[in-house]
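Below: the structure, in structure tokens.
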Amino acid sequence: MASALDEDTQQSLAAGRESARAFLRSIQKDLQKVFVVFLLGFLATFWALRVYVWDFLRNVTQSNMSPDVAEAADVIATTPFEVILLQAKIGLIVGAIVAVPPLIYVARDELRARGMWPQSPVPRWKLAGIAILGFGLFGAGVAYGIYAFFPIMFSFLAGFGLEAGLQPTYSIVLWTEFIVFLSLSFGLAGQMPLLITGLSYAEIVPYETFRDKWRYAVVAIFVFGAVFSPPDPFTQLMWAFPLVALYGFSLYLAKLVVTAKRSSDRIDVVSAARNHWNVVGGAAVLGGGIAYAFYEYGGRTAVNDLLRAVDSDWRFLEPGAGLGVDPATAAALYAAAWALAFVVVATLWAVYTDLDTTSAGYQYGDPTAIDIGELDAAGVRAAPDDVFEQMDEPESLAHAQAALDEDNPEKAQAILDRFDAATPDEGDGDAGTDASAGAGGDTGGDGRSKGSGAAGGAGDDGLVGDVQNRTSRASSTFLSELTDGNEDEAEDDIGGYYTDLKFIFDSVRSKSFVILAVFGAVMATAFTWLYLGGLATVRNDLERRVPAEIEGGINIITLHPVEALIFMVKFSVLLGIVAVFPVVLYHAWPALRERGFVAGRIYQVYLWIGALGAGLVGGFALGYAYVAPGLIGWLVTDARLADMVITYQVSDFLWLVIYTTIGIGFLADIPIAMILLNNAGVPYRVFRERWREVTIGIMLFAAVFTPADVITMLLATVPLMAAYGVGIGVLFVVTFGGRRDLSPPAEFVSR
């Protein structure tokens, strides 16, 4: 093996090994201390989990449940060594984390000698402050999850499971991982102010990007909450609203820091506080007054009554309780502390206000410091040329698109006009003039529109078209670069399908709203039906068909807290995909026919939809009436005769039901689809000769959509291949052995 490496590589590896040995020898005497720290962390974690943590997490899980639901909910171990191995894994992780700081500390001299110690220009007290702030935000996020979010969430999950006939019996591993990972997500979400402020301050991501894309951030927060939290609106709002508020606070903090950085030479805290003495003084009075009134005028009693009404164990104690201070003095101290906190916030506001009113480009002599996003159309026209000379075309397009998103086409047109005038080599003056003309008027020398169409009406189409044309021009180099600049040979270079696929995709994209609406409506309907009792209906109906000798029926449990919800989402998405297929086929058929992929007129789509729908419904009816009850009855009978307790995991049981109902419909659709494809121009010989590729595709499909074991994958693959074989046999008969296909071969077959 060593001979396969050149001499320089071998010397580098030898030098690295020698350096590592020297490094370990130098800290060898201290490694025992590091190991002791690791061992203490491991043992302490192992002991704490056994004595305190499990009970604490169980109390958090059941704290908001009704007595009946709490009695039914349970946490179990599914293997003999599951609990002790879980404690050992968590202890190893915590021990390793605890041992890292002392390891770095004892190795600091060696790291510094080898030039591996960071030489940060930031003072240590600032680094310590950032670290303390980060830990504080992380702790606040975790505390919110444990004391506010989890109790309500678990109460909903357990109650919903019982109503659907599912026993909330959680695996200790899955239950712990769920709590830990979701707590970490809240803790990391708490770092949002620090992250956004740091990226903005370092100019890695400009503050303006976070500000302009706030809509996408809000949508992402709600989507994440919809996927990873229960579907009831209250819990989703509990997830989303704090994060949205945190994002808004992060934007304000980032703006404060960025403004202070850009105007650092003008910061004067004392002068700012003096200029806004009334606000600072009012904040002190307000903060102290709120704290004092809370304790002295019934605020504490009212809040405690509210906590008692929601069965919470938290209470606000009397001021000074446990501190050895009389209540009056303690209330005064609390008021002073809150007054000081309000003064700090008000002073920061005063500093920012002074900087913000004096930091525009005109005052500092730096025109490029002007933020185009904060200007209106008149401000864009009045801004100096230097602002636009520093722009490139994608940046100007981004500003114009942002203005269009804010329903301000006049500002978007002004940005394009100023960019074209300031950068004639990069901009497209004709496009800007055309856009202005399309907007309903021409432009004068000062860039102002002489017509009124630029502000709305039909002019929006010309402006939107201008932005789209410029964007298309900016991105049109991709294909030419891929084909060495010869776009006429692009189709051959890429394999002959790029243009066809792009054409088909564009034909469908124009109907994307209809497609998404159908998908969303079907998915929402299916999920709502399952959520409002459909899951329990199916479960009870199938259990009713269990043979009479099986006493007690089937016990179905949820090992993961959100297992039933995840199944409902997956099933709803599956139905949405099935429902949207005919819509996509209908809108794509003309483009498919024009490019030679299929043959036949649009009425063929109705034939496809009717045939595939009939096969799916017929197979589903056969599976639900006979296959699923027969198979489940045989399984439970066999288990009962072996004197076993019949307890199924909800996901395994329900996917078994789907495979034996809807799966039968898919199997029936395979021969039908093959006949339809032959009628659309795919010859019999293609199906017969391409069976190997089909087999690989089916195995990949089974590997993705079945549980992760070989037996289950084969159980899904074999029926699909059998259905494909049946389809080939049917085609052999229909096409007379391939001598007469139902339709002449489509053009793409001969490529």
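The values are calculated or read from the model by the stated rules, or taken from the named source; none is laboratory data. It should be emphasised that the depicted structure is a prediction, and the values quoted were computed from it without experimental measurement. A quick note on method: Cβ atoms are made from the backbone with ideal geometry, for glycine too, and the neighbour counts reach across all protein chains shown.
Taking each residue of the stretch 520-538 that is in contact (Cβ under 8 Å) with a residue 12 or more places away in the chain and looking for partners that are hydroxyl-bearing (Ser, Thr, Tyr) with beta-carbon atoms closer than 6 Å, six or more apart or interchain, yields 523/572; 526/572; 527/572. Residue 58 passes every criterion in (1) charged (D, E, K, R); (2) under 21 Å from residue 146 (Cβ atoms); (3) in contact with a helix residue (DSSP H, G or I) (Cβ under 7 Å, 6 or more places away or on another chain) apart from (3).
One residue stands out in the stretch 591-612 among those that are touching a residue at least 12 places away in the same chain (Cβ under 8 Å) and farther than 25 Å from residue 506 by Cβ: the one that is surrounded by the fewest Cβ atoms within 10 Å (Cβ to Cβ), namely 607.
Could you check, for the stretch 323-341, whether at least one of its residues is at pLDDT below 70, closer than 22 Å to residue 303 by Cα and not assigned by TED's automatic domain parsing to the domain that holds residue 386? Yes, there is a match, as at least one residue in the stretch 323-341 is at pLDDT below 70, closer than 22 Å to residue 303 by Cα and not assigned by TED's automatic domain parsing to the domain that holds residue 386. Screening residue 55 with (1) closer than 30 Å to residue 557 by Cβ; (2) surrounded by 13 or more Cβ atoms within 10 Å (Cβ to Cβ); (3) among the acidic types (Asp, Glu) gives one miss only, at (2). Out of 706, 695, one residue alone is among the polar types (S, T, N, Q), farther than 25 Å from residue 536 by Cβ and modelled with pLDDT under 80. It is 706.
Yes or no, residue by residue, for (1) of a type outside the set (Lys, Arg); (2) modelled with pLDDT of 85 or more:
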site	(1), (2)
170	yes, yes
190	yes, no
229	yes, no
239	yes, no
251	yes, no
260	yes, no
266	no, no
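Selection of first residues in the stretch 280-303 that are over 19 Å from residue 351 (Cβ atoms) and of second residues that are among the basic types (Lys, Arg) and surrounded by 14 or more Cβ atoms within 10 Å (Cβ to Cβ), restricted to Cβ pairs under 7 Å at least 6 apart or on distinct chains, gives the following pairs, ordered by first then second residue: 294/300.
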